Amino acid sequence: MTFGIIILLILATFLLGGIAGLFVSVLLYPKWEIQKVKRHMKKEGIGYGEWKHVSKFVDHHTKVIVKPNCETLYSLAFIHKKDGPYKLTMPAFDTYFSFAFLDENTNVQGYFTNTDTIENKESSFLIYYDENEILDKSQACIILDSKLCWIIGRFGVGSLEDIPEVNKIQEAIRLVKLNH
Amino acid sequence: MTIYLIILFFFMWGLLLSIKYFGHILDFVAEKSKGRGVQNGSWKTHLGVGRKSTSQIERAAIAHIGLGANDSDETIYWNAFTDNNGDDLHSSHNYQIVFTVQPQVKFDKKGFWSITVYGNDKFLIPNEDHKYVIHSDKKFELDSNNQFSIYLSKTKPEENEFWLPLAENEENFTLAYRCYKAEDEMKNKALTIELPQIIKN
């Protein structure tokens, strides 16, 4: 009888641990995934406000991200509130592009895309954390409500021959602290 | 004292196991549960991607299968697991993806669309030509039957550039139909808007 109770207790504890694990995972999974990317970039020596340019398409050998796409190239950066506002400058680009601003829980806070730009001209976009920081209200901007922000730039590539040209554009994107 | 340690051990074991295998639960949530997903024929999408109003379990599932995905204001991601008849997509068959209308994206704002095939493991299907996707930032020409087709098969049909290879192995596969800068109609009438048909030949 005592042995039976102990087995039941162990099973119940195991089950309880499993349920607790599920709760923790549901709450934290998006943050863990973003932190994984951040850690990966840090390992490559890429810090806050610096770009990681993905300069070629993945192929069937790539097993890092499930369901990868093969029609846009990416430029990724993390910024932090402690560094203050930033200015993002995008060179003239005649194809689809977008910069998505994600918080640490994967929510999209806003975009800077080709529809915010004047065709064939370099365009700038300001990134603030506080409405009171805005000096020039005429310029396109976003006000972030999270300390950490993941910027995901996507650039449309018409054909494989266009990749070197898109790579040049990626290298020319600037992300500059406004306080410096 | 020993009994408390045993209890703690089994509690931690359960906790760590459920964390370790959480990805499998998310696979199930992503593929089987409806949640706030929208089903239109063979295609399924989730219009709450990237939004704060999305439930935490759905947010976790989206982070698992599409980390960093755009929200539906910028891109709508449709996924198909079955053909028009509701049968699982399988590499032992040939398929035709038939468009009878232009993809509903804002071509004038540099919007574009793409169709990508993924193997049963959710990764790109190995093939010598490195052909995984068909995409376009231009409107395509409909044929005399008012159709435009993309062909899916193990071997390339003769003289057809609109072909994507299926796995040599006998396995299920999935399709992703991405619409960058989709027309508002695609979001507002997601349940009824005309999407490409997936026909088993």
Centre separation in Å (Cα based) which lies between the range B:126-201 and the range B:82-99: 11 Å
Nearest 10 degrees, 0 to 90: helix B:56-66 Cα axis against chain B principal axis: 50 degrees
Residues whose placed amide H lies under 5 Å from that of residue A:122, excluding near-sequence neighbours: A:92
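Averaged per residue, what accessible surface does the range A:45-121 expose to a 1.4 Å probe, in Å²?
Computed with neighbouring chains in place, this is 40 Å² per residue.
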Tilt relative to chain B, helix B:22-31 - C-alpha long axis, 0 to 90 degrees, to 10: 30 degrees
Cα gyration tensor category, rounded, prolate or oblate, for the protein assembly as shown with a/c compared to 1.5: oblate
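Peptide B:116-125: average number of partner chain Cβ atoms within 10 Å per residue?
Working: counts 5, 0, 3, 1, 0, 2, 5, 11, 11, 1.
Across B:116-125, the average partner-chain Cβ count within 10 Å equals 4.
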Cross-link table B:122/B:181; A:81/B:52; A:38/B:131; A:168/B:189; A:31/A:63, entries beyond 27 Å C-alpha to C-alpha: A:38/B:131; A:168/B:189
Total accessible area lost when B and A pair, probe 1.4 Å, Å² to nearest 100: 4700 Å²
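Summarise the accessible area of the protein assembly as shown (1.4 Å probe, protein heavy atoms) by the percent that is carbon and sulfur. Please report the intermediate quantities before stating the final value.
On the way: 10840 of 19570 Å².
Exposed carbon and sulfur together represent 55 percent of the surface.
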Where the range B:1-133 is the region considered: accessible area per residue in Å², 1.4 Å probe: 46 Å²
Helix axis angle, A:2-43 relative to chain A longest principal axis, alpha carbon, degrees: 10 degrees
Amide H contacts under 5 Å for residue A:66, placed H, 5+ residues apart: none
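Inside 10 Å of the C-beta atoms of A:145-152, what's the mean count of C-beta atoms belonging to other chains? Please list the in-between numbers first.
Values: counts 1, 0, 0, 0, 0, 2, 0, 4.
Partner-chain Cβ atoms within 10 Å, mean over residues of A:145-152: 1.
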The range A:52-177: C-alpha gyration tensor shape, a/c 1.5 cut-off, then a/b vs b/c: oblate
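For a test of the definition: using alpha carbon positions, the gyration tensor, and the 1.5 limit on a/c, classify the range B:38-200 as rounded, prolate or oblate. Walk me through the numbers on the way to the answer.
Numbers: a/c = 1.73, a/b = 1.24, b/c = 1.40.
Oblate, because a/c is 1.5 or more while a/b does not exceed b/c.
The values are calculated or read from the model by the stated rules, or taken from the named source; none is laboratory data. From a predicted model like this one, the values you see are computed outputs, not experimental measurements. As a convention, Cβ positions derive from the backbone with ideal geometry for all residues, glycine included, and neighbour counts pool all protein chains shown. These area figures cover heavy atoms from the full protein model, side chains too; ligands, DNA and RNA do not enter into them. Shrake-Rupley method; radii C 1.70, N 1.55, O 1.52, S 1.80 Å.
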